[in-house]
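The block underneath contains the structure these notes are about, expressed in structure tokens.
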Amino acid sequence: MDKLISTCNDAILSMAREFFSHSPISFGFSKYTVLPGFCDVHVHFREPGFSYKETIKTGSMAAAHGGYTAVCTMPNLSPVPDNAEHLKMQSDIIKRDAVIPVYPYASITVGQMGKELVPMEELGGAIAFTDDGRGVQSESMMRSAMEKAKSLGKMIVAHCEVNDLLHGGYIHAGDYCMRNAHKGICSESEYLQIARDIKLAKETGCAYHVCHISTMESVEIIRRAKAEGVDITCETGPHYLVMDDSYLQEDGRFKMNPPLRAKRDREALLEGLLDGTIDMVATDHAPHSAEEKSRGLAKSAFGIVGLETAFPVLYTELVKTGIMDLRMLMDRMSYAPSKRFGIPIEGFSVWDLESEYKIDPQDFVSMGKATPFAGKNVCGKNLLTVCGGKAVYECK
């Protein structure tokens, strides 16, 4: 096993170098396929503060199960990593418990409250700055954040949401919402803030990344910004690419923010992923307790888990159907996020791509079990994940 790990690790690192020269990226041996470690720039590991939902240890183990060898953790914690002391609390847990590299974000504003900018110069250990879970409502605050981040060579990462347009909504303001008398979240709440931030990024020159885009308009706005030379990237989640609001059920496992949108939005997102407007796939892995997800669409907490299903779902729905090839999927799940965020690819995973099975949340390593993909038949079983020369997941 040690010899196999060493051989595959050398090959993956070679592949990573070749990829950036536009060469092939993956190879197979026997019935198995070795893939570069995936990189997820948007996960919630809930520690410190909410370890009853997930811990650094269980979250990083779930990531390894899914083939990930690097993740970036969001700052909606307690305490919020908004100063050096708070960031160190999280970093110390990461050093102690994480089985793969975990890169923490710091918040943009103190307590993620949108009122006061964090002391960014004291938070150099953060991968970037974000108030994820909350959009920065003040344009002047976001401008100040971008100017400061630019001066420090750091990126601003944004959850884009206009609070004044939410009106208590919790699913997409579409057909399902109207038929079932739910409260909807309009698409404008997302894309209008993206447009505002793009203007600021263009004016300040700050590197800017948009979290979990979900609307047709968001794709087009970002496509235009890229054509104009704005330093912008974006992500979307697996669920937005393969599901829309026609899949909704009266179950908390279908509730996330942003919500599943309309079919036209899903189609636009897929087109954006294929043409490179959408740079990467991130899971927004957001575990909650079973009780918090048992209250139906209206009252359940926002968020689903995704690290352990992302590759099998996308491989099954996009690669096996011929929509994209494996090389492109690896770009969106590994190379593009690694390059944008300056994160080295430090490992690989070994997959049986012909293994077919039904997704069962009880098989998850994550403490969170809420997924809209429960019961879905997929292909692609991870047999081994290696990171830093060590096996961090082995299929039993």
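Here are some residues: GLU121, GLU116. Which one is farther than 26 Å from GLU346 by Cα, acidic (Asp, Glu) and either out of contact with any Ser or Thr (no Cβ under 7 Å at 6 or more places or on another chain) or touching a residue at least 60 places away in the same chain (Cβ under 8 Å) (or both)?
That would be GLU121, the only listed residue that is farther than 26 Å from GLU346 by Cα, acidic (Asp, Glu) and either out of contact with any Ser or Thr (no Cβ under 7 Å at 6 or more places or on another chain) or touching a residue at least 60 places away in the same chain (Cβ under 8 Å) (or both).
Specify which of the listed residues (ILE108, ILE127) is open to solvent by 30 Å² or more (accessible area, probe 1.4 Å) and either touching a Gly at 6+ places or on another chain (Cβ under 6 Å) or of a type in the set (A, V, I, L, M, F, W, C) (or both). Even if it seems obvious, please write down each step before you answer.
On the way: ILE108 fails: open to solvent by 30 Å² or more (accessible area, probe 1.4 Å).
Unique residue meeting the criteria: ILE127.
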Legend entry - Sole residue being part of a helix (DSSP H, G or I), touching a Pro at 6+ places or on another chain (Cβ under 8 Å) and either closer than 15 Å to ARG340 by Cβ or not charged (D, E, K, R) (or both), chosen from HIS239, HIS212: HIS239
Legend entry - Odd one out for PHE302 among (1) surrounded by fewer than 23 Cβ atoms within 10 Å (Cβ to Cβ); (2) within 17 Å of the chain's Cα centre (by Cα); (3) outside any loop (DSSP other than H, G, I, E, B): (3)
Inset, instruction - From the list GLY296, GLY252, GLY272, pick out the single residue that is within 15 Å of LEU318 (Cβ to Cβ) and among the small types (Gly, Ala, Ser). - result: GLY272
Inset, instruction - State all residues of region 359-396 that are touching a Gly at 6+ places or on another chain (Cβ under 7 Å), crowded, with 17+ Cβ neighbours inside 10 Å and farther than 16 Å from GLY303 by Cα; if no residue qualifies, say none. - result: ILE359, ASN382, THR385, VAL386, CYS387
Legend entry - One residue from GLY49, GLY37, GLY66 being surrounded by fewer than 24 Cβ atoms within 10 Å (Cβ to Cβ) and in contact (Cβ under 8 Å) with a residue 24 or more places away in the chain: GLY49
Inset, instruction - Please work out if HIS159 is free of Cβ contacts under 8 Å to residues at least 24 places away in the same chain and within 30 Å of ASP245 (Cα to Cα). - result: no
Inset, instruction - Scan region 375-396 and report the pairs whose first residue is closer than 13 Å to ILE100 by Cα and touching a residue at least 12 places away in the same chain (Cβ under 8 Å) and whose second residue is in a loop (DSSP other than H, G, I, E, B) and charged (D, E, K, R), with Cβ atoms within less than 6 Å and a gap of 6+ or a chain change. - result: CYS387/GLU346; GLY388/GLU346
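Which is modelled with pLDDT under 95 and over 21 Å from LYS293 (Cβ atoms), of HIS22, HIS86? Can you show your working first?
Numbers: HIS86 fails: modelled with pLDDT under 95.
Exactly one residue qualifies, and that residue is HIS22.
Quick grid of which residues meet (1) touching a Cys at 6+ places or on another chain (Cβ under 7 Å); (2) under 29 Å from GLY380 (Cα atoms):
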| residue | (1), (2) |
| --- | --- |
| VAL41 | yes, yes |
| HIS44 | no, yes |
| MET89 | no, no |
| ILE100 | yes, yes |
Inset, instruction - Go through the residues of region 183-197 one by one and say whether even a single one is surrounded by fewer than 16 Cβ atoms within 10 Å (Cβ to Cβ), small (Gly, Ala, Ser) and either over 22 Å from the mean Cα position of the chain (by Cα) or under 30 Å from ASP92 (Cβ atoms) (or both). - result: no
Inset, instruction - Being assigned to a loop (DSSP other than H, G, I, E, B) and open to solvent by less than 30 Å² (accessible area, probe 1.4 Å) is the filter; apply it to region 247-256 and report the residue that is nearest to ALA282 (Cα to Cα). - result: MET256
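The values are calculated or read from the model by the stated rules, or taken from the named source; none is laboratory data. As the structure is a prediction and not an experimental result, all values here were calculated from the model. Quick reminder, even Gly has a Cβ in these numbers, built from the backbone with ideal geometry, and neighbours come from all protein chains shown. Side chains included, ligands, DNA and RNA excluded: accessible areas come from the protein's heavy atoms. Shrake-Rupley method; radii C 1.70, N 1.55, O 1.52, S 1.80 Å.
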